[in-house]
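The values are calculated or read from the model by the stated rules, or taken from the named source; none is laboratory data. Bear in mind the structure is a predicted one, so any value in this text is a computation, not a measurement. All Cβ positions, even for glycine, are placed from backbone atoms using ideal geometry, and neighbour counts span all protein chains on display.
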């Protein structure tokens, strides 16, 4: 996977043992685009307690970078061109929201960001 600055990145290297809300998305997905701002506000509220990571799946880096260029998002963005992370997490649909605990174990898997995902994240933070 690549970060937006073209560095090789992994979920583990980003989270450093913190819980994370991982949002799988694609540029063509309207529901995904609507979530981008919500995820940004969530990261601002979380501070350093947990991390929000958006992972664009199945698309070329250039398309994702161009799509995000005009948006000022303060949370981690990764590009998974060949679905490696999404397959490792057991999820290929978009939008998909996963909550990963401090040990990297998926504790929640669902569709669009919703109250259940936020509850699962709160629980992962509390542990």
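Figures for the structure shown
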{"read-out": "Selection count, the stretch 11-25, where residues are part of a loop (DSSP other than H, G, I, E, B), in contact with a helix residue (DSSP H, G or I) (Cβ under 9 Å, 6 or more places away or on another chain) and either crowded, with 18+ Cβ neighbours inside 10 Å or without any contact (Cβ under 8 Å) to a residue 24 or more places away in the chain (or both)", "value": "1"}
{"read-out": "Unique residue being modelled with pLDDT of 95 or more and either under 22 Å from residue 46 (Cβ atoms) or touching a strand residue (DSSP E or B) at 6+ places or on another chain (Cβ under 7 Å) (or both) when the list is 118, 85", "value": "118"}
{"read-out": "Elements of type strands (runs of 3 or more DSSP E) in the stretch 34-127, at least 3 residues being surrounded by 18 or more Cβ atoms within 10 Å (Cβ to Cβ)", "value": "51-57, 76-80, 96-100"}
